[in-house]
Amino acid sequence: MRHRAIFKQEDFDEIISKCVVCHVSMVDENGLPYVLPMNFGYREGVLYLHSARQGKKLDILTQRPDVCVAFSTDYVLRYQNEEVACSWGMKYRSVLMYGKVEFIEVEGEKIDAMNVIMKKYTQREFPYNMPAIREVCIYRLVPARVTGRAYGY
């Protein structure tokens, strides 16, 4: 089996919709990689993330907003010959998004983004109180580049 590149937006969307978390990578103030699993929302090619208004992640992203976000799903262990270690492999599908995060400050846009995130996990929208909306940090990624790969599919 060979790795196959994925090029279609609908394939990216399908893979991303199956993922429970994404892994957001960035580069810290010392030039070192920093990666975190995060909950997310995704709509029309735009990724939405949220967090507290303080912490290492926010310190990094306010100074260096470039990120790479990884999504992967559909893992299945497989082999061609059960007795040959090198014939074993893992089927998977994955997407990488590259770009700069943008912080959302407008309350209405923050509520919309929170509903995108909550709808992913609960299939519904919620009312929000304004102090909570003011205290949450919401950011979006409109990707500059998206790539995908599949192995075994």
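The values are calculated or read from the model by the stated rules, or taken from the named source; none is laboratory data. This one's a predicted model, so the numbers in the text were calculated from it and none came from an experiment. Glycine gets a Cβ as well: all are built from the backbone with ideal geometry, and neighbour counts include every protein chain shown.
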Turns out the strands (runs of 3 or more DSSP E) fully within region 50-153 with at least 1 residues that are over 20 Å from LEU36 (Cα atoms) are 66-79, 88-104, 145-151
Reported set for region 106-153 where residues are aromatic (Phe, Trp, Tyr) and either within 30 Å of VAL76 (Cβ to Cβ) or surrounded by 15 or more Cβ atoms within 10 Å (Cβ to Cβ) (or both) is TYR121, TYR128, TYR139, TYR151, TYR153
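Matching residues to (1) among the β-branched types (Val, Ile, Thr); (2) at pLDDT below 95; (3) surrounded by fewer than 15 Cβ atoms within 10 Å (Cβ to Cβ); (4) farther than 26 Å from ASP112 by Cβ:
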residue	(1), (2), (3), (4)
PRO33	no, no, yes, yes
ARG53	no, yes, yes, no
LYS57	no, no, no, no
ASP66	no, no, yes, no
If we keep only residues of region 76-105 that are among the hydroxyl-bearing types (Ser, Thr, Tyr) and surrounded by 13 or more Cβ atoms within 10 Å (Cβ to Cβ), then the residue modelled with the lowest pLDDT is TYR92
Across (1) under 15 Å from TYR139 (Cα atoms); (2) buried (at least 16 other Cβ atoms within 10 Å of the Cβ); (3) at pLDDT below 95, ARG43 clears everything bar (3)
Sole miss for VAL84 among (1) under 21 Å from ALA144 (Cα atoms); (2) β-branched (Val, Ile, Thr); (3) free of Cβ contacts under 8 Å to residues at least 24 places away in the same chain is condition (1)
